[in-house]
Amino acid sequence: MQNQCYKAIIRIMDRRETEDKFAKVRERMLKRDLMGRDITDPDVLKVMGEVRREEFVPDSYQSQAYADGPLPIGIGQTISQPYIVALMTQELRLNRDCEVLEIGTGSGYQTAILSKLAKKVYTIERFAELSESAQAVLGRLGVRNVEFYVGDGSCGWPEEKSFDRVMITAAVPKMPEPLVEQLAEGGLMVGPVGGGGVQELIVCKKRHGKIIDKVICDCRFVKLLGKYGFEE
């Protein structure tokens, strides 16, 4: 009995030590990689400090969970670097009345960030394996305001619906027309546009049915495969 108690205490101590370690690197990420650059939205910073990125990366990359760079999550896909996640989120200017369409669920990390700032998130993932993994993690973390769909994200949400915000988390040759159509009047859409190894991160606003866009910065994303994306 004493031996079992001792092992239980050691497990608790190990878990606390791990949590403390992540807390320190999470704080460093906030100060150096986000606040130290151009992330100023207090709500975005708060959520980036709350959502545990280590929950969304493979065990073999746990030690790099808060490094400011992308990490592989399998099937040739990646989890975006924290700075880009924060920047894209900030550019959407979210509020609790927004319904957001996310193209590319991936690990579910960006989904989790959006879910804490918006009314509801609708997220599409091409790979069922990634969608199922993200659903499991988000479910474990108690996220309830997300609806998932497996399919071609470049075609938009499968039902007739408009969205206040749209986020594309993979590179597209141009903003897919179905997503432009599903963006509500006055809504914002952000995503990487361009081919090759480098794209431009663009934020668009829909005004009188037309898109007005602005280039934010250069970026690197995996390609969005699909009818209105890149060919396989």
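The values are calculated or read from the model by the stated rules, or taken from the named source; none is laboratory data. None of these values were measured; they are calculated from a predicted model. Cβ placement follows ideal geometry from the backbone for every residue including glycine, while neighbour counts extend to all protein chains displayed.
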Those residues of the stretch 82-100 which are surrounded by 24 or more Cβ atoms within 10 Å (Cβ to Cβ) and farther than 24 Å from Tyr66 by Cβ, in sequence order: Val100
In the stretch 78-100, is there at least one residue being charged (D, E, K, R), at pLDDT 95 or above and in a helix (DSSP H, G or I)? yes
Counting only residues that are surrounded by 18 or more Cβ atoms within 10 Å (Cβ to Cβ) and closer than 20 Å to Asn95 by Cα, how many does the stretch 121-147 have? 5
Where a residue in the stretch 47-73 is among the small types (Gly, Ala, Ser) and its partner, wherever it lies, is in a helix (DSSP H, G or I), with Cβ under 6 Å and at least six apart: Gly49/Leu30; Ala65/Arg53; Ala65/Glu54
Would the stretch 113-135 turn up any residue that is of a type in the set (Lys, Arg) and free of Cβ contacts under 8 Å to residues at least 24 places away in the same chain? no
Picking from Val172, Val198, Val190, the residue that is farther than 12 Å from Leu92 by Cα and either surrounded by fewer than 22 Cβ atoms within 10 Å (Cβ to Cβ) or in contact (Cβ under 8 Å) with a residue 60 or more places away in the chain (or both) would be Val198
Which of the residues spanning the stretch 61-87 are closer than 17 Å to Arg26 by Cβ and of a type outside the set (A, V, I, L, M)? Tyr61, Gln62, Ser63, Gln64, Tyr66, Asp68, Gly69, Ser80, Gln81, Pro82, Tyr83
For the stretch 119-232, which strands (runs of 3 or more DSSP E) that fit wholly inside it have 3 or more residues that are over 21 Å from Gly74 (Cα atoms)? 120-125, 163-168, 183-193, 199-207, 210-219
